[in-house]
Amino acid sequence: MPPVSSPASRRGLPFSLCRDCRRLPRSWQRAVAVVDYEQPWMYWIQGLKMQLRWQWAKPMGQLLGQAWNKLEAPRPVGPTLWVPIPASSDALQARGFNQACELARFAVPEVKQARLVHALRWQKAAPEAQQAQKWRTRRQRRYDRQRAFLASTRVRGAQVVLVDDVMTTGFTLQAAAQACSQAGAHSVWVAVFARVPHN
């Protein structure tokens, strides 16, 4: 199981994957999170996404970049491509922006040799997978995220850092990591603002 590093985990809070998640193979090397998904941080994320306070993305993205810089070895050496998880068409239309993209946009300047690249897209065959995660069961999330993404050839040979706002089950990031690996990425890593802790 690839470790998840965060300030929260260093405080000794519960940060392990649940039993179902531990059974799944992971296509990324390591993941870093800034905080646990709990008060007051959950209100930051909800404010960004639901109340359209897009200006909050700047401090959140900067914190994400700084957390990445504190990630201990093993970690990528040299240039990295920061690839945001694409928003669903419905969410993008409702909000007018992709929160993962905004976080990545402000995280990248904090990280040496990092570059923001839009290299993922939803497959047309997986429209159901774009439905909001919060409305779906764990089994539905796992099924819906299988083969959900296509990655462009821009990730070939690159060290890819997938960016999202929250890691809940990890199914979305797993599907994105698989797509990048299939497109020839050298390695795949994960950076999220918050991680839902599991007992």
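Rule-based calculations on the coordinates, nothing more; no lab input. Everything numeric here is computed off the predicted structure, so don't read it as measured data. Note that each Cβ is placed from the backbone with ideal geometry, even for glycine, and that neighbours are counted across all protein chains shown.
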Residue order, fewest to most beta carbons within 10 Å, for Arg75, Arg115
Arg115, Arg75
Please report Ser89, Ser152, Ser27, Ser187 as a ranked list, fewest other C-beta atoms within 10 angstrom at the top and most at the bottom.
Ser89, Ser152, Ser187, Ser27
